[in-house]
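What follows draws every value from the coordinates through simple rules; no lab data is involved. Nothing here was measured: the structure is a model prediction, and the numbers come from that model. Reconstructed Cβ throughout: ideal geometry from the backbone, glycine too, with neighbour counts over all protein chains shown.
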Ligand code: FES
Ligand code: FES
């Protein structure tokens, strides 16, 4: 006679069925526990906007937003992303309306081949919010909280975007695009962002 333990399937030590919340939609899929979020996005869910460059956390091409903060999806296990709000480049626009960062990249030619662009855009979206929230960077002179957000100079943008490599060398236009988008977010009145665009 079969015992109850032999009748009910035991949980797999290597696979689980998970639900990922991506760009506001839930996706349920079985995964090997070793599957990275990047591979789940690209290979399992056909969300190929997120790119695989180095696959070891060096280039930033796979950058997505997890609960609004930047993460390299090649170093994130898909199972660990369950319960998080995942935003990929496919999800930053509002319907047909491009995100200001996307529009600035288009207007200012912030790309050439476009391989790094999805990661650059996701990073830039978060950079602008991090800056607006007053987060200092490694090149910020005055890091006291009461000093508020530092001027978003070209050096500040370069430092904050330094985790995203561009093989085409479109950096000058990318810095200009981030400055333009930051100015847009600030209501077009942010002189520091505009001067950063000019200085890039
Ligand atoms: S592919 Fe993830 S950092 Fe390069
Ligand atoms: S646009 Fe080609 S790698 Fe950045």
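Across all directions, the average flat footprint of the convex hull enclosing the Cα atoms of region 90-163 is 5.6 nm². Over the chain, dividing the summed -39,500 (n - 2.57) contributions of all DSSP H runs of at least 4 residues by the number of residues returns a 222 nm mean residue ellipticity of -8500 deg cm²/dmol.
Ordering of 139-147, 36-44 by packing is 36-44, 139-147, highest average first (other Cβ atoms within 10 Å, averaged per residue).
Across the chain, the relative contact order, built from alpha-carbon pairs under 8 Å that are at least six residues apart, equals 19 percent. In this label model, residue 48 and residue 19 are separated by 2.9 nm, measuring between points 7 Å along each Cα→Cβ vector.
Straightening the chain between residue 167 and residue 132 buys 9.7 nm, computed as 0.36 nm per residue apart minus the Cα-Cα spacing. When you restrict to C-alpha pairs under 8 Å that are six or more residues apart and normalise by the size of region 15-91, the relative contact order lands at 37 percent.
Model label points for residue 82 and residue 103, set 7 angstrom from Cα along the Cα-to-Cβ axis, are 4.0 nm apart.
On the basis of the beta-carbon distance and an R0 of 22 Å, residue 159 and residue 93 show a calculated FRET efficiency of 0.25.
Each residue of the chain gets 141 Å³ once the volume of the Cα convex hull is shared out per residue.
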